[in-house]
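Input: a single structure, listed below in structure tokens.
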Amino acid sequence: MNASAPSADSLRAALAGLLDGLPPKQAAQAVDRLIANYRGTTPTDTPVLRDRSDVAAYAAYRMPATFEAVRGALGALREAAPDWEPRTHTDVGGGTGAAGWAVAEAWEEQPPRTTVLDWAEPALALGRELAAGALDMEWRTARIGGALRLADTDLVTVSYVLKELTEADRAALVTEAARVAQTVVIVEPGTPDGYERIIAARTLLIEAGFTVAAPCPHSGACPIEPGTDWCHFSARVSRSSLHRKVKGGSLPYEDEKYSYVAATRFPPAPATSRITRRPQIRKGLVLLDLCGPDGLTRDTVTKRHGPLYKQARDAEWGDSWPPEDEG
Ligand SMILES: C[S@@+](CC[C@H](N)C(=O)[O-])C[C@H]1O[C@@H](n2cnc3c(N)ncnc32)[C@H](O)[C@@H]1O
């Protein structure tokens, strides 16, 4: 039982027991198999996560990172919709439940009731075990596809799932999410193709009447010329010794790159601009790459800008800018 409030630490504590009894070599082999599967031809007709060792490996290897990515997206959503609180949440393709943990942390005073849908039963079983005593979650077997019908819910999350679907199933899922939810949050790997899937989903959400709350400052066309760059962000993931054992390497952290879109059916208050790269701090000045009302720009903030200079030095990739925007 994990009685503490949901957080990166309590998730790590819940994960710590996971590979107990599984020799490190076997754990490493399960991770290797998983990576090979994920590098292979997805979408597949059957779940990649087939049994408990696949799922344990997935959870130990990926869950802390997907949790941090969803947490980053939810943080930006909360800035754009500070008064909105979901009562119900559906996590589609939720696997072992990383997004449910992030949602419970984001609205920790009164976490919504989360329903996790996935076709991989071993993932749902392990997710249920990890969450036992910590989170109020329901776990249901469901296959994503044209026939999927979701129940009305305040928030839908779809985290690291679109890549595993055909283009038709992606579109059907996003359209169905927009039909039933007030807010939809979609997260993908921060790669050029992950970004393309996010942009396609963003277009569908806007067509369905949604407004982009984050990361974009508006719901107009993305100013990135296709093929030249991709909008993505970075979340620092601290690695437990278990995580190090499974993934190898000795660094105490890694940076998870992710792309996302959060859109709402109600009018949000998006950032004026968003910092789209790690700020470059030089002697007496900070260079900020921004996406804002004038598209992509680079701002130079110097000591002459007074308090803004200090704020620019503290600013991080993915933050809204200027900081007064923050809820
Ligand atoms: C990379 S995992 C992401 C899991 C979780 N959302 C996270 O962020 O950690 C992709 C998940 O999508 C699920 N999935 C893929 N295709 C699916 C389908 N057609 N129907 C239901 N679930 C599917 C997989 O079983 C897996 O749990």
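The values are calculated or read from the model by the stated rules, or taken from the named source; none is laboratory data. It should be emphasised that the depicted structure is a prediction, and the values quoted were computed from it without experimental measurement. Using ideal geometry, Cβ is built from the backbone for each residue, glycine included, and neighbour counts are taken over all protein chains shown. Accessible surface areas use protein heavy atoms only, side chains included; no ligands, DNA or RNA. Shrake-Rupley method; radii C 1.70, N 1.55, O 1.52, S 1.80 Å.
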- [ ] Extending each Cα 7 Å along its Cβ direction at Lys303 and Arg50, get the distance between those two points in nm, one decimal.
- [x] 6.4 nm
Task: Whole-number accessible area per residue in Å² for the chain, which is evaluated in the context of all protein chains at 1.4 Å - done: 46 Å²
TODO: Taking the Cα centre of the chain as origin, work out the dipole magnitude from +1 charges on Lys and Arg Cβ and -1 charges on Asp and Glu Cβ, in debye rounded to 20.
DONE: 940 debye
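Take every Cα pair under 8 Å in region 8-264 that's 6+ residues apart, average their separations, divide by the length, and report that relative contact order as a whole percent.
After rounding, I find 21 percent.
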Task: 18 Å Cα-Cα reach of Lys257 towards lysines, excluding residues that sit fewer than 8 places from it in its own chain - done: Lys163, Lys247
Task: Cα→Cβ-extended label distance, 7 Å offset, between Leu296 and Arg87, nm - done: 4.3 nm
Open item on the list: On a full-extension model of 0.36 nm per residue, what is the gain between Ala36 and Thr175, subtracting their alpha-carbon distance, rounded to one decimal in nm?
Closed with: 47.0 nm
Task: At least 30 Å along the helix axis (C-alpha) and Kyte average at least -0.5, DSSP helices within the chain - done: 52-80
Task: Efficiency of FRET between Trp119 and Ile224 - r from beta-carbon atoms, R0 30 angstrom, step 0.05 - done: 0.35
Open item on the list: Under the 0.36 nm per residue contour assumption, what length would be gained going from the current alpha-carbon distance of Arg277 and Arg313 to full extension?
Closed with: 11.6 nm
TODO: Heavy atoms only, probe 1.4 Å: what % of the accessible area of the chain goes to carbon and sulfur, would you let me know?
DONE: 50 percent
- [ ] With N denoting the number of residues in the chain, provide Rg(C-alpha) divided by 2.2 N^0.38 Å, to two decimal places.
- [x] 0.99
Task: Debye log10 I(q)/I(0) at q = 0.16, 0.25, 0.29 Å⁻¹ for region 273-325, Cα point scatterers - done: -0.38, -0.93, -1.21
Task: FRET E, pair Arg143, Glu108, Förster distance 30 Å, beta-carbon r, rounded to 0.05 - done: 0.40
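According to the Kirkwood expression over distinct Cα-Cα pairs, how big is the hydrodynamic radius of region 28-171, in Å?
Values: mean 1/r = 0.0642 Å⁻¹.
15.6 Å is the Kirkwood radius here.
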Open item on the list: Between Gln26 and Lys163, what's the calculated FRET efficiency when r is the beta-carbon distance and R0 is 25 Å? Round to 0.05.
Closed with: 0.40
Open item on the list: Starting from 0.36 nm per residue, how many nanometres of slack lie between Ala13 and Asp152 once their C-alpha separation is accounted for?
Closed with: 46.8 nm
